[in-house]
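The values are calculated or read from the model by the stated rules, or taken from the named source; none is laboratory data. Keep in mind that this is a model prediction, so the values were computed, not measured. Neighbour counts are summed over all protein chains in view; Cβ atoms, including those assigned to glycine, are modelled from backbone coordinates with ideal geometry. The accessibility values were calculated without ligands, DNA or RNA, using every heavy atom of the protein model including side chains. Shrake-Rupley method; radii C 1.70, N 1.55, O 1.52, S 1.80 Å.
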Amino acid sequence: MPIHHDTVAYNAARSASEARTCDLLARTIDRNLPGAENKVWHRHPVWFLDGNPIVGYSTLKDCVRLLFWSGQSFDEPGLEPEGSFKAAEARYTSVDQVDTAALARWLAKAALLQWDYKNIVKRRGRLEWLGPAPAPESPRPPAPKPSRTPAKKATKKAAKKAATRANRKAPRKSTKS
């Protein structure tokens with residue numbers, strides 16, 4: 001797929017040095033992730049496979065940051081952990097620092113080794129492994145907290161309240177004869 005026009009515009013709006021780095025990243029990503037959807041997402045170019053974010057980049061004050069959403073699972077030198085999930089990043093201050101062979105290797109792994117970021121909101125912040133192999137070692141998510149009122153108790157309580165309301169509204173029988 002061709003690089004999206006919003007990504008081209010994003011790159012063109014950078015300084016000359018950043019634009020060269022962004023252009024190289026975009027071309028290399030696009031060449032190595034055929035069929036990936038490219039768009040500007042949260043104001044940064046990102047490539048998706050089946051709606052799952054795979055790789056993207058952004059410019060920071062002093063560098064261009066390349067981010068792989070599942071990059072901590074790659075077990076590759078040159079990528080540093082980023083954030084509290086499974087992302088990893090590489091930072092570049094010039095186009096000469098981009099190792100296109102390493103980048104191609106990371107992109108091949110990115111297509112295979114994925115955590116499900118697409119459904120992270122639906123799963124309330126819990127990531128599930130999508131990759132073909134067993135999930136890499138990761139801490140187990142905390143068990144869900146039990147509700148304060150078990151469902152059975154809540155149902156009984158609601159029934160009792162409804163009965164009390166019905167008794168208040170029911171007309172009283174007269175005891176006079």
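Numerical summary
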| item | result |
| --- | --- |
| Proximal charge balance of residue 77 [Cβ under 11 Å; K/R count +1, D/E count -1] | -3 |
| Residue 40 - accessible surface, heavy atoms, 1.4 Å probe, Å² rounded to 10 | 50 |
| Label point distance in nm, residue 159-residue 99, each placed 7 Å from Cα along Cα→Cβ | 6.8 |
| Peptides 2-10, 18-26 ordered by average Cβ neighbours within 10 Å, highest first | 18-26, 2-10 |
| Extension gain from residue 13 to residue 27, taking 0.36 nm per residue of separation minus the Cα-Cα distance | 3.4 nm |
| Label-zone membership for the range 74-95, site residue 108, 7 angstrom Cα→C-beta point, backbone N under 15 Å | 74-77 |
